[in-house]
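The values are calculated or read from the model by the stated rules, or taken from the named source; none is laboratory data. In this text, all values refer to a predicted model and were calculated from it rather than measured experimentally. Here the Cβ positions follow ideal geometry from the backbone for every residue, glycine too, while neighbour counts run over all protein chains shown. Please note that ligands, DNA and RNA were not included when accessible areas were found on the heavy atoms of the full protein model with its side chains. Shrake-Rupley method; radii C 1.70, N 1.55, O 1.52, S 1.80 Å.
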2 protein chains.
Amino acid sequence: MTTQPAFRRSEPDARRLSLIEACARVLAREGIAGASVRTIAVEAGVSAGLVGHYFPGVDALIAATYAHTGARVDAALEAAVAAATDDPRARLEAYVTASFAAPIADPQLLATWIAFWSLVRARPEIAALHDEQYGGFRGQLEKLLADCGLPANALRRTAIAITALVDGLWLELCLSPHELAADEAAAIARDALARFTSTAPAAG
Amino acid sequence: MTTQPAFRRSEPDARRLSLIEACARVLAREGIAGASVRTIAVEAGVSAGLVGHYFPGVDALIAATYAHTGARVDAALEAAVAAATDDPRARLEAYVTASFAAPIADPQLLATWIAFWSLVRARPEIAALHDEQYGGFRGQLEKLLADCGLPANALRRTAIAITALVDGLWLELCLSPHELAADEAAAIARDALARFTSTAPAAG
DNA sequence: GCACTTGTTGTACGAGCGTCCAACAAGGTT
DNA sequence: AACCTTGTTGGACGCTCGTACAACAAGTGC
């Protein structure tokens, strides 16, 4: 009888990525409380000890998972803008509504994202990643808004408002999926975008 | 030499409340990962065993903390509306902007709130509390919006948009306090409210 | 076929976890 | 002053946690 190999070797980068993806799935399913080395290792189909071979500790794995997830989101948003027409308004709308289409509007990705939010205050290295990530969002939004002709003194506030709206819709999409569907969230975001970028600021 | 009492008895309700408040502080400071029975007990100045005397388990304490925090938020919002004039618009604005004034716009309260978000997906009893809480928000908002003359078919979407915006601003206020201050968040919310409740929906 | 590198496993360790519970003591009643 | 109720403590229980590490084996070069 021939015994099959007890395990298969993997390209370091591939194994590393599979650990990161397993970590993201566990974070989405069980939250930070369930994201232990052993749980993640089982999810990746690997022994617990192997995690220590690729990451100095479980915190580093979680941070790497945030960085990887953030990069995925960035790439999807950039791709949406690149696929849009040259019209500044269309590019802005593409950037914002991409948050409510595949691959971002995925309950698992959003749940992972919420787990990261819950880590920002307690973990300085996650806070640093968060600042970088959201600084990027804001910067990109301000650029797209400026291209739409928004006055310079309105850029910052409008970018913050849009970011807040998108995050809030993500939250409801993920935590109250029976109350809100992705296409409705996209419609709400489109409508809000039009209102935010119209000239009449109303009283305040 | 007279030894002082080793501990002081407390009214059951007062002790219960002090455990809940200690739990909220720990959740704000360390997130769900640090909210252990022992940590919470130390925070409350009490032995770990006492937690089991007031709550069937640590999960029940956390759920009670969510319920208590939610009730505090509700009360603050209701008080703001009650203090407003009879003008429907003023009442709506009071309800929304109260989220960015004391006692709600408190970093500790918001951090606690974010910790609850991270529990919704993994803990059914927290999910039930969440549904109830946010159902209440939406219902109240829809009522105030209807009083402002918003057409019935716009109530739901507008309420969702406002809820999302407020949650998103809370998030930035709590996670990026160096980027956004409470008064600026209030100004953004006021402006957005005016835009959401104006008649012109623009294209979309 | 042998040596070598290194990805991978399994185990062991100390620490912290939630929960339980016998013993203690504070405060009120009689 | 004796008593009772019960809030409170502190330790013990079995478990899971993160980490470290020796042993093993897969793949590579020769």
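How many residues, within region B:37-66, are surrounded by 15 or more Cβ atoms within 10 Å (Cβ to Cβ) and either assigned to a loop (DSSP other than H, G, I, E, B) or away from DNA strand D (no atom under 15 Å from the Cβ) (or both)? Count: 7. Would region A:92-99 turn up any residue that is at pLDDT 95 or above and open to solvent by 60 Å² or more (accessible area, probe 1.4 Å)? Within region A:92-99 (the criterion being at pLDDT 95 or above and open to solvent by 60 Å² or more (accessible area, probe 1.4 Å)), the answer is yes, since at least one residue qualifies. Scanning region B:97-129 for residues that are within 19 Å of B:VAL26 (Cβ to Cβ) and of a type in the set (Gly, Ala, Ser) turns up B:ALA111, B:ALA115, B:SER118, B:ALA122. Tallying residues that are within 13 Å of B:ASP147 (Cα to Cα) and either assigned to a helix (DSSP H, G or I) or in contact with a helix residue (DSSP H, G or I) (Cβ under 7 Å, 6 or more places away or on another chain) (or both) within region B:82-94 yields 6. Condition check for A:ALA14 on (1) modelled with pLDDT under 95; (2) buried (at least 19 other Cβ atoms within 10 Å of the Cβ): one failure, at (2). Any chance region A:154-177 includes a residue that's touching a Phe, Trp or Tyr at 6+ places or on another chain (Cβ under 7 Å), open to solvent by 40 Å² or more (accessible area, probe 1.4 Å) and either hydrophobic (A, V, I, L, M, F, W, C) or within 10 Å of chain B (Cβ to nearest Cβ) (or both)? Scanning region A:154-177, I find no residue that is touching a Phe, Trp or Tyr at 6+ places or on another chain (Cβ under 7 Å), open to solvent by 40 Å² or more (accessible area, probe 1.4 Å) and either hydrophobic (A, V, I, L, M, F, W, C) or within 10 Å of chain B (Cβ to nearest Cβ) (or both), so the answer is no.
Of everything in region A:6-36 that is touching a helix residue (DSSP H, G or I) at 6+ places or on another chain (Cβ under 8 Å) and within 8 Å of DNA strand D (Cβ to nearest atom), the residue that is farthest from the other protein chains (Cβ to nearest Cβ) is A:SER36. Of the residues making up region B:109-135, those that are facing another protein chain (nearest Cβ under 10 Å) and open to solvent by 40 Å² or more (accessible area, probe 1.4 Å) are B:ARG121, B:ALA122, B:ARG123, B:ASP131. Within region B:32-83, the set of residues being among the β-branched types (Val, Ile, Thr) and closer than 21 Å to B:PHE116 by Cβ comprises B:ILE32, B:VAL37, B:THR39, B:ILE40, B:VAL51, B:VAL58, B:ILE62, B:THR65, B:THR69, B:VAL73. Within region A:8-36, the set of residues being more than 13 Å from DNA strand C (Cβ to nearest atom) and assigned to a loop (DSSP other than H, G, I, E, B) comprises A:GLY31, A:ALA35.
Does at least one position in region B:181-190 carry a residue that is in contact (Cβ under 8 Å) with a residue 24 or more places away in the chain and of a type in the set (Val, Ile, Thr)? Looking through region B:181-190, none of the residues is in contact (Cβ under 8 Å) with a residue 24 or more places away in the chain and of a type in the set (Val, Ile, Thr). If you take the residues of region B:68-82 that are of a type in the set (Gly, Ala, Ser) and exposed (fewer than 14 other Cβ atoms within 10 Å of the Cβ), which of them is nearest to DNA strand C (Cβ to nearest atom)? If we take residues in region B:68-82 being of a type in the set (Gly, Ala, Ser) and exposed (fewer than 14 other Cβ atoms within 10 Å of the Cβ), then B:ALA71 is nearest to DNA strand C (Cβ to nearest atom). Tell me which residues, restricted to region A:178-204, are within 7 Å of chain B (Cβ to nearest Cβ) and not in a helix (DSSP H, G or I). Result: A:LEU180, A:SER198, A:PRO201, A:ALA202, A:ALA203, A:GLY204. Restricting A:GLY135, A:GLY139, A:GLY204 to residues that are at pLDDT below 95 and within 27 Å of B:PRO177 (Cβ to Cβ) narrows the list to A:GLY204.
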